[in-house]
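Structure record follows, encoded as structure tokens.
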Amino acid sequence: MRLTQSFLSNISVRNVSKSTTVHAVLLAYTVIALFPILIVIVNSFKDRKGIFRDPLALPTSDTFSMVGFEQVLLRSDFGLFAWNSIIVTVLAVGLVLLLGAMAAWALTEYRFRTNLLITFLFAMGIMIPIRLGTVSILRLMVELNLVNTLTSLVLVYIAQGLPLAVYILSEFVRTIPKELVEAARCDAVSEYRIFFSIILPLLKPAMATVAVFTMIPIWNDLWFPLILAPSEETRTITLGVQQFVGQYVTNWTSVLAALTMAIVPVLILYTIFSRQLIRGLTSGAVK
Amino acid sequence: MSSSIQPEEKKPFPWHLIVFLGPGLLIYVTFSVYPLLDTLILSLYQEQSGESYFVGLENFVTLVTDENWSSAFWNALSNNFQFFAFHMLLQNPIGLILAVLLSSPKLRLAGTYRTLIFMPTMLSVVIIGFVWQLILSPIWGISEEFLYNIGLGQFFDAWLGKEGSALVTLSFISVWQFVGIPMMLIYATLLNIPDDIIDASTVDGANAFQTFLYIKLPLILPTIAMVSILTFVANFNAFELIYAVKGALAGPNFSTDLLGTFFYRTFFGFQLQQGSSTMGAAVATLMFLIILVGVMLFLFFVQRRIQRFQF
Amino acid sequence: MANLQLKNVQKRFGNVDVLHGIDLDIKDGEFVVLIGESGCGKSTLLRLLSGLEEISEGDLIIDDQRVNTAPPAKRGVAMVFQSYALYPHMNVYKNMAFGLKIAGQDKAFVKSKVTDAAKKLKIDHLLERLPRELSGGQRQRVAIGRAIVREPKVFLFDEPLSNLDASLRVQTRVELGKLHQELKATVIYVTHDQTEAMTLGDKIVVMNKGRIEQVGAPLELYHHPKTQFVAGFIGSPKMNFLSGKIHLQGTESTQVMLESGRIIVASVDSSHLHQGQTVTIGLRPEHFSRQCVDNILVGQVSLVEHLGEVSYLYMDLNGEGELVTKVDGDNDHRAGDELSFGIDPRKVYVFDEQGAALDRVKLQ
């Protein structure tokens, strides 16, 4: 009996230590993942002395300083950059969702001769990065007189986001029961009303997933802002920060403040929407 | 002839099809398909004083053989392969381990770990590049101090500034940022494996490791394959990280040059060399071919053999 | 082949008691069916036996060995899952061979085992197929085959037929019965289907809310349910229950007064109860008779279900409640007909307020 008891306690000890190991590894990696970001945020609230004397310390009454943020706001038009990013992202994501849903619906619901070709064309765009066409995109934008406009970015981002949106939304459209649409057709409802009042509302959950997937690369992009709209008035936040840091690279307080201003809003949004995002990633919508 | 039977109405032209598909297709074709094809064609031309003329494959020959171009091209290509290899060797295994740990049964705080570890993936590559530049900076000395504290101080170096270590360091940074993607996708696949199958394997006598090796691993292979191809495309298209940390010149001495930065320099020019859109198009075309071949190899050799499993 | 003993086996998930102390003896070669409603703990009990869940308290003994903490394979148990749980990436052969391969058996041995089992189950032509290329019935056989090849001491079945369609279920049920006779193995079989329980089990264990209500042979449970729960669970259609009060107690005969004042006589021992105490009487639909003159109940037919061989009449007893009777299929009753039925006092069950059955006087 004693033997079996010690055997028993052994087992539970082993289980406990196993789960402790799992937690230790995950915690360690979490620290690795967050440490650099936290360091930057913490130090952006210090003065120069505080930054260098003890980088790991939290700001104290002695070292606390917002001078970095003041400098960033003084020397660059951060508010405008953020506004530009918001406009571009919202417009592009909104149009990707609308146009993507309409295209996905058309490609899955209707039979026509070029259906397969168009489906294939969109599918190619999932794998082939749009960046490779940059030379011609720039030429095109020059011809259309769209260089240094937010419109050029919105157009390119729509083209960039559509393939994945069409793919995910098509998969979703296939799960909608045919009877719903057939019943509506029997009542002589127009194709437009069928789409806008029956299909579109049903696509909402999938559209949320698509929105998140489309939004992140647009918000974070440097390439197209750098090439298509680098002017002061049309700079997005990512480009703005890149230019600012490049210019004031030796001014540590400003650089840290600029990075923090770019990071914190994204982290707040991520914390709010992380559940949605992770559900999208793990739901198999992107297999 | 009974007049009650009327001739069938001619099917009306499907305007709704044009309305639904037209706008999206128009934008996609104009700003993605057409530029891509145009770039491929442009790579066969050269321009001189505003006139463009057809030169066949001359641009490509220049790229791979001309002494002014070829060393830079081959250097970028080889760096790019190293960059990719590094991701395959580190990013996927780490992601796999994290996913397996996260999916341990009855793990508390799994959601919190998952959310936090995925956080860097959400941020812009540019921002992440700058953050690490600061962290690794010998001027600030955070990394140096940290290494001294754990007794490895003598190994500290200005890694980002040295020719021998800059690319590896940048690869590390990129892996650090994107490890969340394989983790998340593999984790999702692991969660989708029904408990019954794992139980069956336990009843069959397999221990935790054997269950992983014989049951779980084969079932997540398709996901790993997919992550690999995503990584491949992303790596051969990478630009931002190098540009943010090392600039368009991808220093020191081009040791961190990737095809993305090479493409940028070729197109826009740098220092004394003039930018050339046709040579830029040629570089883009080569990148396109590399990615195409990679994706095709994946589709034909990997995807076809590894079937997805429905449970 | 093995004897199994459970002594006061308990299971807790956190603070929730799922099993409250199960005592059960299972003899070598017995086919034991665990039956109960969903959530009664029958599947949990099976998982404790398999070793997939840890026993919180009590002892599990297989062939005189306490195996509470032994891993599943060491206990000599094999399990067939409700979902079949076939490994989707392995073909049928590999699915069946997996356990032996893990145990380190040599290839020739594994091959002969798997081939034998496959022949026995008539799936030897499917060995190269993947699970997704099989029908439900074929998957089921593979799952059973996977259990057979390991020659376990105890087979555990977790609702193995519930994913099959009705006709296949009957056919597979018959085959399982034959297979058991052939293998002479100890089988523990979980189901919520009483037909499976009655037809397959040597012994049926009726479970309710984490406790064993009664253990017994199928007919014993049918004829002598110890509790109202068991009485209601075994038999189809369900036993009718009418509430009443003890009118006249006795050791051989008891009179129960229904709410309407009607007296029902039952051959049960109610000597330990007193007059006026609330009881429930139980009447099986198949025990009513139109010829019987005892315990006449009168009512109106509210619904007739013709099943061919028999018909079920749903009766409204003019304020005394409702009940179902089973009559010969050859009848022309219709809804609205007024009918009277009698029932033999020896076939009337009486349950006290706690749901325990009063002892029935032995039939001569």
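A few notes on this one:
- For region C:48-87, a residue qualifies if it is buried (at least 19 other Cβ atoms within 10 Å of the Cβ) and of a type in the set (D, E, K, R), and exactly one does: C:R75.
- Candidates A:V135, A:V154, A:V147, filtered to the one that is modelled with pLDDT of 90 or more, touching a helix residue (DSSP H, G or I) at 6+ places or on another chain (Cβ under 7 Å), within 7 Å of chain B (Cβ to nearest Cβ) and surrounded by 15 or more Cβ atoms within 10 Å (Cβ to Cβ): A:V135
- Pairs linking a residue in region C:139-155 that is within 16 Å of C:I188 (Cβ to Cβ) and touching a residue at least 24 places away in the same chain (Cβ under 8 Å) to a residue that is basic (K, R) and part of a helix (DSSP H, G or I), with Cβ atoms under 9 Å and 6 or more positions apart or on different chains, are C:I148/C:K113; C:I148/C:K120; C:R150/C:K113; C:P152/C:R75; C:K153/C:R75; C:V154/C:R75.
- Residues of region B:260-288 that are of a type in the set (A, V, I, L, M, F, W, C) and more than 10 Å from chain A (Cβ to nearest Cβ): B:F262, B:F270, B:L272.
- The single condition among (1) over 18 Å from B:L90 (Cβ atoms); (2) away from chain C (no Cβ under 14 Å); (3) in contact with a helix residue (DSSP H, G or I) (Cβ under 8 Å, 6 or more places away or on another chain) that B:Q210 does not satisfy is (2).
- A single member of A:V266, A:V249 is facing another protein chain (nearest Cβ under 10 Å), under 18 Å from the mean Cα position of the chain (by Cα), under 30 Å from A:S44 (Cβ atoms) and modelled with pLDDT under 90, and it is A:V266.
- Pairs where the first residue, in region B:100-127, is facing chain A (nearest Cβ under 7 Å) and open to solvent by 30 Å² or more (accessible area, probe 1.4 Å) and the second is modelled with pLDDT of 90 or more and not in a helix (DSSP H, G or I), C-beta under 9 Å, 6+ apart: B:V125/A:L222; B:V125/B:A238; B:V125/B:F239
- Restricting attention to region C:199-237, the residues that are among the charged types (D, E, K, R) and part of a loop (DSSP other than H, G, I, E, B) add up to 3.
- Within region C:213-234, restricting attention to residues that are surrounded by 21 or more Cβ atoms within 10 Å (Cβ to Cβ) and of a type in the set (A, V, I, L, M), the residue that is farthest from C:S38 (Cα to Cα) is C:L221.
- Scope region A:171-202; condition more than 12 Å from chain B (Cβ to nearest Cβ), within 26 Å of the chain's Cα centre (by Cα), in contact (Cβ under 8 Å) with a residue 12 or more places away in the chain and open to solvent by less than 80 Å² (accessible area, probe 1.4 Å); matching residues: A:F172, A:L202
- Of the residues screened, C:S43 is not one that is over 18 Å from the mean Cα position of the chain (by Cα), of a type outside the set (A, V, I, L, M, F, W, C) and either within 14 Å of chain B (Cβ to nearest Cβ) or open to solvent by 20 Å² or more (accessible area, probe 1.4 Å) (or both).
- Scan of region A:225-245 for residues that are under 14 Å from A:N148 (Cβ atoms) and either aliphatic (A, V, I, L, M) or not in a helix (DSSP H, G or I) (or both), ordered by number: A:L226, A:I227, A:L228, A:A229, A:P230, A:S231, A:R235, A:T236, A:L239
- Residue count for region C:148-187, restricted to those that are in a loop (DSSP other than H, G, I, E, B) and under 20 Å from C:D63 (Cβ atoms): 6
- Applying the criterion of being of a type in the set (K, R) and at pLDDT below 90 to the residues of region C:120-131, the residue that is surrounded by the fewest Cβ atoms within 10 Å (Cβ to Cβ) is C:K122.
- Which listed residue is surrounded by 22 or more Cβ atoms within 10 Å (Cβ to Cβ), among the polar types (S, T, N, Q) and under 29 Å from C:H306 (Cβ atoms), from C:T254, C:T191: C:T191
- With a requirement of 2 or more residues that are facing chain B (nearest Cβ under 9 Å), the helices (runs of 4 or more DSSP H) lying completely within region C:71-147 that satisfy it span C:72-75, C:92-102.
To keep it simple, each residue is scored yes or no on (1) under 16 Å from the mean Cα position of the chain (by Cα); (2) in a helix (DSSP H, G or I).
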residue	(1), (2)
A:I87	yes, yes
A:L91	yes, yes
A:L107	no, yes
A:F112	no, no
A:L116	no, yes
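Listed here are the residues, each with its yes/no results for (1) assigned to a strand (DSSP E or B); (2) open to solvent by 20 Å² or more (accessible area, probe 1.4 Å); (3) free of Cβ contacts under 8 Å to residues at least 60 places away in the same chain.
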residue: C:L273; (1), (2), (3): no, no, no
residue: C:V279; (1), (2), (3): yes, no, no
residue: C:V304; (1), (2), (3): yes, yes, yes
residue: C:S311; (1), (2), (3): yes, no, yes
residue: C:Y314; (1), (2), (3): yes, yes, yes
residue: C:D330; (1), (2), (3): no, yes, yes
residue: C:R334; (1), (2), (3): no, yes, yes
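- The conditions of being open to solvent by 10 Å² or more (accessible area, probe 1.4 Å) and at pLDDT below 85 are not met by B:E163.
- Exactly one residue among B:W140, B:W159 is of a type in the set (F, W, Y) and either facing another protein chain (nearest Cβ under 7 Å) or within 30 Å of C:L46 (Cβ to Cβ) (or both), and that residue is B:W140.
- Out of A:P225, A:P230, sole residue that is open to solvent by 40 Å² or more (accessible area, probe 1.4 Å) and either in contact (Cβ under 8 Å) with a residue 12 or more places away in the chain or of a type in the set (K, R) (or both): A:P230
- You will find that of A:L239, A:L277, A:L259, the residue that is at pLDDT below 90 and either open to solvent by 20 Å² or more (accessible area, probe 1.4 Å) or under 20 Å from A:T89 (Cα atoms) (or both) is A:L277 and no other.
The values are calculated or read from the model by the stated rules, or taken from the named source; none is laboratory data. Only a predicted model underlies this, so the values are computations on that prediction, with no experimental measurement involved. Glycine also receives a Cβ, built like all others from the backbone with ideal geometry; neighbour counts cover every protein chain displayed. Note: accessible area is taken over every heavy atom of the protein model, side chains too, but ligands, DNA and RNA are not part of it. Shrake-Rupley method; radii C 1.70, N 1.55, O 1.52, S 1.80 Å.
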